[in-house]
Amino acid sequence: MVDNVTIHCSECGVLIRTDEKTSFIFESLDYDCSEKYLISQCPSCFSVLFGRKTLTLDEVERQFVWKTVAERLWPDPLLSEVPSEIPAKARQDIIEAKKCFSYEIYSAAAVLCGKALERLVKEKAGNHTIARGLQELKTNQIIDQRLFDWGDALRKERNIGAHASDEEVTKDDARDIIDFTIAIFDYVYRLSTKYEDYMARKNKNI
């Protein structure tokens, strides 16, 4: 029996339902952490897709079953670009934003990114709006001028961080906001840490 899978096609830009061509199950000691890796093909554009399924509890049958929707790992993985160094709650916001993007819920993706940015501002600059927080981050040299200009432009042109708005959030808007959110978190939490570690080692050897 061939299993079906729902997966996001990077070429078509939509969720598609197709057959699993082949699959491999990685069994964990924690049963519900087991994963299924699979290869499928889009029935419309014939793109080959590599994805991963996880287990979920079927409340009716009271047993674990494979989720119908798979996370796409190749090409252009949707989630793997979110650095692990980002604080857990903000990272989850960004992951959820990328999931919303894959389901074409662009307004929700923008709001979730705004939520993540509010967390960043609160931790690094205090209880400020995103606008004032970005200014504080630049003044304190936590971000550079390019990141500030990018964020300020998005805030003005695309209402980044809005919780409710009559303005439509397009696919390009959502992509730009997600890209910026990942970039600023990557800069603050990963690149800065690597630089500080390097300088500490360098000064130690002097």
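Only the coordinates and a few stated rules stand behind these numbers; no lab work does. None of the values given here were measured: they were computed from a predicted structure. FYI the Cβ positions are ideal-geometry reconstructions off the backbone, even for glycines, and counts take in every protein chain you see.
Helix 171-185 and the long axis of the chain differ in direction by around 60°, with both axes built from C-alpha atoms. Taking springs between alpha-carbon atoms closer than 10 angstrom, which of D152, D179, D58 fluctuates most in the Gaussian network model of the chain? Among D152, D179, D58, the largest mean-square fluctuation in the Gaussian network model of the chain belongs to D58.
Against the chain, whose longest principal axis comes from its Cα atoms, helix 192-204 is set at around 60 degrees. Compared with the alpha-carbon gap, the fully stretched path from T68 to A200 is longer by 42.7 nm at 0.36 nm per residue.
Compute the helix-to-body angle for 106-125: its Cα long axis versus the longest principal axis of the chain, expressed 0 to 90° and rounded to tens. Long axis of 106-125 versus the principal axis of the chain: about 40 degrees.
Let me make sure I get this right: for region 37-137, a, b and c are the square roots of the gyration tensor eigenvalues over alpha carbons, sorted descending. Under 1.5 in a/c it's rounded, otherwise prolate if a/b > b/c, else oblate. Which is it? Working shown, then result.
Working: a/c = 2.72, a/b = 1.89, b/c = 1.44.
The shape class here is prolate.
Each of [x] 128; [y] 187; [z] 104 is a candidate for volume of the Cα convex hull per residue in Å³; the one calculated from this structure is [y]. The coefficient of translational diffusion for region 4-74, derived via Stokes-Einstein from the alpha carbon Kirkwood radius under 4 °C and 1.567 mPa s, stands at 103 µm²/s. Peptides 110-120, 39-49, ordered by how many other C-beta atoms sit within 10 Å of their residues on average, highest first, read 110-120, 39-49.
Checked against a 19 Å cut-off, the cross-linked pairs K98/K122; K89/K124; K89/K115; K138/K204; K99/K122 give Cα-Cα distances beyond that limit for K98/K122; K138/K204; K99/K122. In summary, the lysines within cross-link reach of K202, defined as a Cα separation below 16 angstrom excluding same-chain residues under 8 places away, comprise K194.
Tell me what the chain gives for mean residue ellipticity at 222 nm when only DSSP H runs of n ≥ 4 count, each as -39,500 (n - 2.57), the sum divided by the residue total, rounded to 500 deg cm²/dmol. Mean residue ellipticity at 222 nm (helix-derived): -13500 deg cm²/dmol.
Between I25 and E168, the contour length at 0.36 nm per residue exceeds the Cα-Cα span by 47.4 nm.
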